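Please treat every number below as a calculation from the coordinates, not as lab data. Small disclaimer: the values here were computed from a predicted structure and weren't measured. For neighbour counting, all protein chains shown are included, and Cβ atoms are generated from backbone atoms with ideal geometry for every residue, glycine included.
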Amino acid sequence: MSDILVIAEHRQGEVRPVSLELIAAAKEAGASSVTVALIGANAADLTGAVSVEGVDEIVTVPTASADFQPDEWKAAVEALIAARSPSLVMLPHSVDSWGFAPALGATGNYGFATDVFGIANEGGEWVVTRAMYKEKVHAEIDFPGKSTVVVTVRGGTWKPAEGSSSPAVSSLDASATANSSHVEFIEPPATGDVDITQAEFMLSIGRGIAEEDNVEQFSELADAVGATLGCSRPIADSGWLPKSRQVGQSGKVVAACKLYLALGISGSVQHQAGMKHVDNIIAVNTDPEASIFSIARYGIVGDIFEIADELVTHFE
Amino acid sequence: MKILVAIKQVANLDDDFEIRDDGKDVDHDFCDYEINEWDDYSLETALQIRENNGDEGEIVVVTVGPDDAEDELRKCLGKGADRAIRVWDDAIEGSDQVAIARILTKVVEKEAPDMVFMGVQAADNAYAQTGVAVAQQLGWPHAAVVNALEYTPGASTATANRELEGGLEEKITVNCPAVMTIQLGINEPRYASLRGIKQAAGKPLDEISHSDLGLSDDEVGEAGSVSRVRKVFVPEKGQAELIEGTPAEQAARLAEILKELSGA
């Protein structure tokens with residue numbers, strides 16, 4: 001049997017798009033049936049958003065909280081596994097999953113792996129692929145003796161499922177004692193003069209700029225070449241540029257970007273989550289092994305200050 | 001007040017690394033080690049809580065790792081932790097994060113701290129798993145990806161902000177004691193002072209095995225794990241077309257490409 005259970009993620013009343021990627025991944029993994037679970041007080045309102053091609057069944061699990069609460073979500077998934085005995089349970093490798101999925105793994109009842117981007121079934125056994133050693137090595141992982149395997153799946157790996165379907169919808173109860181409670185969501189500060197999600201040409205800077213005093217030079221370079229200035233996490237964490245300029249998982253996805261010039265950015269998975277979709281990525285970095293070069297179309301192994309000094313002369 | 005901070009020594013691979021003969025890991029001779037970046041922030045969180053508590057309270061750092069990992073524990077002692085525990089023996093080799101969490105859980109039970117801090121994830125393998133796994137095995141409340149924290153030692157609840165995707169945050173209250181996984185940027189980690197480093201050499205560092213914690217052989221290593229690495233391999237990677245030449249030549253070509261692709 002290869003029945004797959006997909007735990008859909010939602011926030012503030014909206015299903016998060018990564019949920020549809022998981023549905024596509026489940027189909028590609030050869031699921032004999034795909035059940036999508038929606039967990040939360042208002043889960044029943046969200047069934048339409050996951051009624052896409054490939055979905056056989058939707059199960060809602062009403063809980064006390066409208067939004068994510070780790071104890072409630074863990075109990076819900078355990079109840080779903082008990083009720084449906086799926087061979088594979090897929091969750092997004094997202095912040096909310098980080099908050100409760102490892103608790104499922106730690107029960108010892110299921111096989112468990114995080115951040116997987118390859119899923120195969122070999123003779124009834126699940127084998128998944130994830131990265132190790134800062135992405136330099138990939139590992140195949142199996143789960144001897146486990147009849148149910150729970151995995152968190154890397155976003156941006158599968159194209160979201162589309163189309164529509166008319167899955168059967170049912171409801172399941174799960175009770176839990178919540179040890180934490182939601183107070184409020186805090187929206188990011190207003191973007192001010194810039195919305196990097198709308199920019200078509202981004203020039204982003206990373207650790208390679210070394211000092212806050214050097215930000216100005218690259219800000220001027222961005223102006224000269226006609227790009228919007230962005231940055232990687234360390235620059236925003238240091239307060240050298242506002243958080244609204246940060247590209248990546250905890251920053252922004254540069255959805256409209258067509259040309260991305262990465263200066264002194266090594267290209268962590270978290271940064272790539274915000275920009276690896278861009279068609280034309282150009283990277284300048286002193287480290288020839290920097291992972292940014294594996295997703296870039298053009299690369300320069302070199303000093304960003306030397307390149308910047310020369311580059312600006314072509315735009316004067 | 002006692003806070004326990006669990007840390008991990010992470011590996012950086014040399015460029016010319018080799019895979020071990022059994023194919024299940026890289027040859028560790030090709031690794032350099034350093035403290036996980038996230039752990040600097042969780043230690044700093046603990047140190048600041050103690051400072052705001054009139055310098056009252058004990059901070060214990062723990063790691064599961066071989067001899068080399070002592071270096072990272074000493075660095076934490078140099079920054080102000082009081083005591084360190086390193087858990088290791090041959091049976092622990094091959095443990096997945098669930099088995100590692102089982103070991104850390106026993107340490108927490110023994111130490112009975114008021115709070116446990118761990119990094120959100122480790123820089124090398126990025127499981128993002130161990131902290132919440134420990135909380136589950138302890139049966140403790142937990143909060144993941146915390147980037148702001150209000151906690152007064154002894155209080156029955158703490159207020160934490162969780163860093164969500166896209167710049168959004170969620171403020172929550174969490175029952176205590178709790179396990180929290182700490183995100184980068186929550187504070188500015190300090191450097192160890194010269195005096196701190198000197199003092200660190202004299203601070204207690206216990207070395208214990210899984211059996212010292214009351215764990216049996218089949219609760220650690222591969223037997224105590226829920227996943228198994230079958231093989232590792234070097235992935236095929238895309239490779240950018242490299243622009244060669246002097247910086248002036250490279251910049252000139254880059255300017256052409258930018259003008260063409262940006263439609264300028």
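Take every Cα pair under 8 Å whose residues are at least 6 apart in sequence, average their separation, divide by the length of the range B:1-109, and the relative contact order is 28 percent. Report the relative contact order of chain A, percent, no decimals, based on alpha-carbon pairs under 8 angstrom and at least 6 residues apart. Relative contact order of chain A: 15 percent.
Evaluating 6.51 cos²θ - 1.76 cosθ + 1.60 at θ = phi - 60° for every residue in the range A:236-243, the Karplus couplings come out as 6, 4, 7, x, 7, 9, x, 3 Hz, glycine and proline recorded as x.
Simple point charges give the picture: +1 on the Cβ of Lys and Arg, -1 on the Cβ of Asp and Glu, and for chain A a dipole about the Cα centre of about 800 debye. Averaged over the residues of peptide B:154-165, the number of Cβ atoms from other protein chains lying within 10 Å of each residue's Cβ is 4. Projecting the Cα positions of B:M115, A:G54, A:T129 onto the charge dipole of the protein assembly as shown (unit charges on Cβ atoms of Lys, Arg, Asp and Glu, taken about the Cα centre) puts A:G54 furthest along the positive direction. Would you mind counting up the charge near A:D115? Only other residues with Cβ under 13 Å from its Cβ, with Lys and Arg at +1 and Asp and Glu at -1. Net local charge, A:D115 excluded: +1. Approximating the spin labels as points 7 Å out from Cα along Cα→Cβ, the A:A168-to-B:D217 distance works out to 4.9 nm. For the range B:2-224, how many pairs of lysine residues have a Cα-Cα distance under 12 Å, where the two are 8 or more positions apart or belong to different chains? Summing the qualifying lysine pairs gives 4. The antiparallel fraction among DSSP beta bridges confined to chain A stands at about 20%.
Across chain B, C-alpha contacts under 8 Å between residues 6 or more apart give a mean separation that, scaled by the residue count, equals a relative contact order of 24 percent.
Computed packing ranks the peptides A:46-54, A:228-236 as A:228-236, A:46-54, most packed first, by mean other Cβ atoms within 10 Å. Eigen-decomposition of the gyration tensor built on the alpha-carbon atoms of the range B:2-224 gives equivalent ellipsoid semi-axes of 27, 20, 19 angstrom, largest listed first. Ranked for footprinting exposure by Cβ neighbours inside 10 Å, fewest first, B:V61, A:V61 give A:V61, B:V61.
Highest mean first, the peptides A:121-128, A:18-25 sorted by other C-beta atoms within 10 Å per residue fall in the order A:18-25, A:121-128. Of all lysines in the structure, the ones whose alpha carbon falls short of 19 Å from that of A:K258, not counting any fewer than 8 places away in one chain, are A:K159, A:K276, B:K259.
When GluC sites (Glu not before Pro) are flagged only if DSSP places them in a loop and at most 14 other Cβ atoms lie within 10 Å, the longest unflagged stretch of chain B comes out as B:94-235.
Peptide B:11-17 is shielded by partner chain Cβ atoms: per residue, an average of 3 of them sit within 10 Å of its Cβ. Taking the DSSP bridge list for chain B and keeping only pairs wholly inside it, about 40 percent are antiparallel.
Ranked by the mean number of other Cβ atoms within 10 Å per residue, highest first, peptides A:301-310, B:75-84, A:262-271 order as A:262-271, B:75-84, A:301-310. Shielding value for B:120-127 is 6, the average number of Cβ atoms from other chains within 10 Å of each residue's Cβ.
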